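The values are calculated or read from the model by the stated rules, or taken from the named source; none is laboratory data. The structure presented is a predicted model; accordingly, all values stated were derived computationally and were not measured. Ideal geometry is used to build each Cβ from the backbone, glycine not excepted, and the neighbour counts take in all protein chains shown.
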Amino acid sequence: MPMVGLGTWKSAPSEAGQAVGYALTKCGYRHIDCAPIYGNEREIGEAFGSVFGGGSLRREDVFITSKLWDTEHARGDVRAACEATLHDLQLDYLDLYLVHWGIAEPKGGHTYDENGHLVVEKVSIRETWEAMEELVDAGLVKAIGVANFTAPLLLDLFSYARIQPAVNQIELHPYLQQTRLLDFCQRLGMVVTAYSPLARPGYEEMSARLVDEKIIRSIARAHGKTPAQVLLRWGIQRNTVVIPKSTHPERIKENIDVFDFELSEGDMHAIAGLERGLRIVDPYQWGQVPYFD
């Protein structure tokens with residue numbers, strides 16, 4: 001699993017395919033992170049079809065991840081959801097398939113009761129995970145994992161998993177470092193993928209941007225790199241996979257150019273001082289579910 005991948009969350013369908021094609025053919029990316037809830041898998045699939053069909057890259061050269069959305073957790077829905085993603089992405093298999101959240105929702109997407117609370121379905125993670133394991137048995141996916149899982153959810157999952165989760169994809173950046181959860185996942189033998197590693201997915205309510213922090217800019221100048229490259233290097237040196245999103249060619253290229261320098265212990269310590277506990281993605285904001293409390 002390459003340490004840097006192209007994230008596609010918030011990539012508009014009209015731009016996602018072009019970004020993926022450019023990343024693969026012009027910038028050396030070999031890892032693409034997708035999900036059906038992002039609404040752009042069909043366009044990304046067209047890019048895969050063009051790249052792999054054109055002979056410039058083989059399918060097996062690229063690590064491709066997708067995710068099972070909350071409305072498809074029931075045992076009878078998991079395989080159909082995976083097959084729909086494979087169809088849209090024009091693939092025969094996924095390298096990694098993740099349970100996107102530890103929340104099961106009714107068909108049709110977010111549904112709320114009269115008090116504005118998210119309605120959830122009574123589907124256990126165990127039921128979902130056993131169906132995920134069947135995807136591996138069937139050869140539809142090579143590995144399975146989770147996203148946004150907390151330590152209690154992982155403890156439960158590891159108590160019955162026949163195929164252990166390979167990855168936990170979580171929000172990670174210097175404003176939300178999740179050091180204890182990171183250490184716990186790594187002790188369990190899981191790879192941790194950091195989404196929103198630059199903490200700038202376009203949320204207007206953020207009072208500051210990581211790339212504007214004085215310490216980040218100072219370290220970037222010292223290494224002759226950009227603030228974004230410093231942030232990504234910080235994630236890599238914590239042994240996390242980083243998946244920055246961009247649809248701009250210059251940024252796509254910049255984000256993978258992070259293997260020719262190394263942050264010092266002093267740099268790492270200084271960046272660690274930016275911890276704020278600032279969580280950008282929280283189900284309490286859109287469903288009053290205290291998922292991370």
*Since Phe259 meets every condition but one in (1) out of contact with any Pro (no Cβ under 6 Å at 6 or more places or on another chain); (2) at pLDDT below 95, which condition does it not meet?*
(2)
*All but one of (1) of a type outside the set (S, T, N, Q); (2) over 21 Å from the mean Cα position of the chain (by Cα); (3) outside any helix (DSSP H, G or I) hold for Ile64, so report the exception by its number.*
(2)
*Could you please give the count of residues in region 45-85 that are aliphatic (A, V, I, L, M) and surrounded by 19 or more Cβ atoms within 10 Å (Cβ to Cβ)?*
7
*Might you let me know whether region 132-140 holds any residue that is aliphatic (A, V, I, L, M), buried (at least 18 other Cβ atoms within 10 Å of the Cβ) and in a strand (DSSP E or B)?*
no
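Just checking, does region 214-237 include any residue being part of a loop (DSSP other than H, G, I, E, B) and touching a residue at least 40 places away in the same chain (Cβ under 8 Å)? Walk me through it before giving the result.
The first filter runs over region 214-237 and keeps only residues part of a loop (DSSP other than H, G, I, E, B), leaving 224-226.
Retained after the next criterion (residues that are touching a residue at least 40 places away in the same chain (Cβ under 8 Å)): none.
Taking every residue of region 214-237 in turn, none turns out to be part of a loop (DSSP other than H, G, I, E, B) and touching a residue at least 40 places away in the same chain (Cβ under 8 Å).
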*Just to be sure, is Val123 of a type in the set (A, V, I, L, M), assigned to a loop (DSSP other than H, G, I, E, B) and surrounded by 16 or more Cβ atoms within 10 Å (Cβ to Cβ)?*
yes
_Extreme residue, nearest to Thr240 (Cα to Cα), among residues of region 174-190 that are in a loop (DSSP other than H, G, I, E, B) and aliphatic (A, V, I, L, M)_ = Met190
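Yes or no, residue by residue, for (1) surrounded by fewer than 18 Cβ atoms within 10 Å (Cβ to Cβ); (2) assigned to a loop (DSSP other than H, G, I, E, B); (3) of a type in the set (Asp, Glu):
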position	(1), (2), (3)
Ile252	no, no, no
Asn255	no, no, no
Val258	no, yes, no
His269	yes, no, no
Arg276	yes, yes, no
Tyr284	yes, no, no
